[in-house]
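*Asks:* There's a structure below that I have some questions on.
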Amino acid sequence: MIHRSNPFVMIRSLVLLTVVSGCSALTALNDVSTPLDVYELRAPVDIQATTRRQLPRDVIIELPSTSGALATDRIMIRPNALQAQYLPEVRWSDATPVMVQTLMLRSVEATGAVRYVGRQPLASHGDFAVVTELVDFQAELNADTQTATVQLKLIVRVIRESDAKIVASKTFRASAPSASTETQILVEAFNAASTVLFSEFAGWLPSALSP
């Protein structure tokens with residue numbers, strides 16, 4: 001005996017499968033489109049303008065290179081040295097490398113130490129390029145898991161454009177404790193650490209550019 005499939009049952013199953021698949025896709029779309037609270041760090045406000053004569057230098061701050069885990073606008077928190085997670089429902093205002101580039105730029109601008117500083121040269125090229133590697137920009141959970149420490153590390157190299165020679169290099173580090181893993185408290189710790197790091201960077205750069 002030959003059993004024939006009921007075409008109405010097949011059509012009903014196909015429609016049901018399409019509806020279920022559509023619901024799954026819609027759920028995924030809703031998850032992706034869920035708005036995230038946005039935070040941003042500000043350049044140090046207490047940077048002193050230089051008291052020396054402005055250097056006749058055009059300086060380009062290039063976009064920092066970094067690992068894939070930091071090449072995102074999500075705020076990283078490490079439960080341990082080998083695991084990277086992100087704070088839920090929040091993000092930085094820009095991808096982390098872009099935000100770091102902006103903080104470097106604003107910090108140098110505040111010193112008034114150089115003739116021009118920007119992301120792109122005014123002419124075909126600038127006098128110097130600041131090339132950086134962003135190694136650390138995360139909060140790390142402490143042993144009690146209720147508090148954390150923000151760790152920042154930035155490797156900076158100053159390259160003379162005329163001959164591509166590295167004329168100066170330095171590694172900058174900063175850290176700040178966070179009394180809680182609550183987002184607002186963590187972001188304040190990020191801001192405290194970044195204030196120290198970018199203040200030191202802005203103070204060092206003019207001497208790196210001097211003859």
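*Asks:* Considering region 114-141 alone, what residues qualify as being open to solvent by less than 40 Å² (accessible area, probe 1.4 Å) and within 23 Å of Ala193 (Cβ to Cβ)?
*Replies:* Passing the criteria: Val117, Val130, Thr132, Leu134, Phe137, Gln138, Ala139.
*Asks:* Now, a different point. So which of Val59, Val98 ends up being farther than 15 Å from Gln151 by Cβ and in contact with a strand residue (DSSP E or B) (Cβ under 7 Å, 6 or more places away or on another chain)?
*Replies:* Only one candidate qualifies: Val59.
*Asks:* Which of the residues belonging to region 43-85 are closer than 19 Å to Leu186 by Cβ, open to solvent by 60 Å² or more (accessible area, probe 1.4 Å) and part of a loop (DSSP other than H, G, I, E, B)?
*Replies:* Arg74, Ala81
*Asks:* In region 135-157, what count of residues is obtained for those that are touching a helix residue (DSSP H, G or I) at 6+ places or on another chain (Cβ under 6 Å) and within 18 Å of Trp204 (Cβ to Cβ)?
*Replies:* Residues flagged as touching a helix residue (DSSP H, G or I) at 6+ places or on another chain (Cβ under 6 Å) and within 18 Å of Trp204 (Cβ to Cβ) within region 135-157 amount to 1.
*Asks:* Let me ask something else. If Arg115 satisfies all but one of (1) more than 19 Å from Phe190 (Cα to Cα); (2) assigned to a loop (DSSP other than H, G, I, E, B), what's the number of the condition it fails?
*Replies:* (2)
*Asks:* So which residues in region 144-162 are over 21 Å from Pro88 (Cα atoms) and either open to solvent by 60 Å² or more (accessible area, probe 1.4 Å) or not in a strand (DSSP E or B) (or both), if there are any at all?
*Replies:* Arg157, Arg160, Glu161, Ser162
*Asks:* Which residue out of Asp136, Asp127 is within 13 Å of the chain's Cα centre (by Cα) and either modelled with pLDDT of 95 or more or closer than 27 Å to Pro56 by Cα (or both)?
*Replies:* Asp136
The values are calculated or read from the model by the stated rules, or taken from the named source; none is laboratory data. Note that this is a predicted model, so its numbers are computed, not measured. Using ideal geometry, Cβ is built from the backbone for each residue, glycine included, and neighbour counts are taken over all protein chains shown. To get the accessible areas, we keep the full protein, side chains included, count just its heavy atoms, and leave off ligands, DNA and RNA. Shrake-Rupley method; radii C 1.70, N 1.55, O 1.52, S 1.80 Å.
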